[in-house]
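Please read the structure below before turning to the comments.
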Ligand code: FE2
């Protein structure tokens with residue numbers, strides 16, 4: 001692993017694309033009404049806004065859900081000819097839009113397109129009685145898109161066209177607080193192409209890299225580089241498959257998603273034990289590592305605040321670096337296709353990604369792949 005001083009790099013080159021964070025993540029799904037119920041019931045998201053036929057939108061229904069700083073939109077097609085229907089037919093449920101909050105969506109579009117980005121949406125101003133929002137967008141890997149959202153002149157609930165979603169079914173939140181990072185799976189030998197895209201077109205820098213020596217088991221391998229924007233608020237690891245004895249998890253993803261896309265979204269919590277206990281009680285399924293992992297844990301990690309038997313019972317993993325430690329756990333895929341899953345993460349000083357857990361984790365994923373007949 002090599003670490004590059006991203007701060008120094010971004011000080012030298014003025015940030016031409018200042019991002020204030022991830023505004024929202026929009027999923028295209030087969031049945032948004034049922035998906036919204038799942039994310040409320042299982043993941044503790046709160047009803048926030050809605051658009052659909054009742055609000056004058058004829059081609060789709062979108063449910064906006066929130067938990068602390070995390071906003072997700074679940075969108076479904078109402079007609080077979082829409083591009084949303086084509087997307088879910090081809091990819092299954094998955095992430096379509098990763099939207100950045102920016103001060104100026106027009107500049108963001110022109111600065112990135114000038115540097116080679118493929119336009120997706122020219123800057124448009126959407127207005128209602130609560131003000132106006134400027135939106136634009138560019139393509140990234142696969143059919144995934146980055147939107148730029150400028151909302152400083154908007155005082156409505158979410159975006160023009162949406163209305164507040166009043167629901168009398170409101171399960172409690174589970175303590176999820178923010179998006180820590182989002183990982184993209186790209187095709188064979190395409191990692192550096194997309195690393196360069198984030199570097200040259202969006203002004204990101206490389207935070208760290210993992211090669212197949214870091215991330216391999218007896219059977220499969222992958223390579224990964226972590227890209228971070230100038231403000232450090234957005235982190236996107238990019239994975240590509242690497243040659244192994246059997247089919248890697250990235251290849252399985254690419255086969256079932258039919259190309260590159262978002263592999264996992266890491267959501268942070270200030271108390272992973274409480275959050276994971278609650279998620280498990282609500283039926284969220286997590287990957288489990290063998291009990292031997294916990295027998296070796298103290299030797300590898302040293303002292304931590306949490307009790308090992310509690311972590312073992314829940315299946316929470318721990319890793320340490322120079323700056324501190326982190327606790328993390330991964331769900332099984334949240335669709336029938338083995339594609340998108342979630343990570344739950346609590347950072348206690350560490351800013352890395354759990355390299356020490358890769359082997360145990362990937363062996364757990366391989367056991368699942370084997371059950372699906374895809375190893
Ligand atoms: Fe992750």
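Every read-out reported here was derived from the displayed coordinates using simple, explicitly stated rules and does not represent laboratory data. Fair warning: this is a prediction, and the values are worked out from it, not measured in the lab. A quick note on method: Cβ atoms are made from the backbone with ideal geometry, for glycine too, and the neighbour counts reach across all protein chains shown.
On full extension, the segment bounded by residue 192 and residue 277 gains 26.8 nm, given 0.36 nm per residue less the C-alpha separation. Note: relative contact order over the chain, using C-alpha pairs below 8 Å and six or more positions apart, is 16 percent.
Each of residue 348 and residue 58 was given a label point 7 Å from its Cα along the Cα-to-Cβ line. The distance between the two points is 5.7 nm.
To the nearest ten degrees, helix 32-41 and the longest principal axis of the Cα atoms of the chain are 50 degrees apart. Return the single residue from 220, 339, 127 with maximal mean-square fluctuation; model: Gaussian network over the chain, springs between Cα atoms under 10 Å. Evaluated over the chain, the most mobile residue of the options is 127. A crude spin-label estimate for the pair residue 90 and residue 370, with each label 7 Å from Cα along the Cβ direction, gives 3.5 nm.
For the chain, a Gaussian network of Cα nodes joined below 10 Å ranks 305, 214, 128 by mean-square fluctuation, and the top entry is 305.
Could you tell me what a quarter of the Cα convex hull surface of the stretch 178-372 works out to, in nm² with one decimal place? In nm², the orientation-averaged hull projection of the stretch 178-372 is 10.9. Against the chain, whose longest principal axis comes from its Cα atoms, helix 358-372 is set at around 70 degrees.
Fraction of C-alpha pairs exceeding 26 angstrom in the stretch 12-164: 26 percent, rounded to a whole number. When both the stretch 38-87 and the stretch 114-140 are represented by their alpha-carbon centers, they are found 19 Å apart.
The length gained on full extension between residue 153 and residue 200, counted as 0.36 nm times the residue separation minus their Cα-Cα distance, comes to 13.9 nm. Arranged from fewest to most other beta-carbon atoms within 10 Å of their beta carbon, 134, 29 become 134, 29. Would you please give the FRET efficiency between residue 307 and residue 103, computed as 1/(1 + (r/R0)^6) with r the Cβ-Cβ distance and R0 = 45 Å, to the nearest 0.05? Approximately 0.50, to the nearest 0.05.
Based on the Kirkwood radius over alpha-carbon pairs, what is the Stokes-Einstein translational diffusion coefficient of the chain at 20 °C with 1.002 mPa s viscosity, in µm²/s? D = 100 µm²/s. For the chain, adding -39500 (n - 2.57) for each run of n ≥ 4 DSSP H residues and dividing by the number of residues yields -6500 deg cm²/dmol at 222 nm. Distance from the alpha carbon centroid of the stretch 209-241 to that of the stretch 249-288 works out to 17 angstrom. On full extension, the segment bounded by residue 332 and residue 246 gains 28.9 nm, given 0.36 nm per residue less the C-alpha separation.
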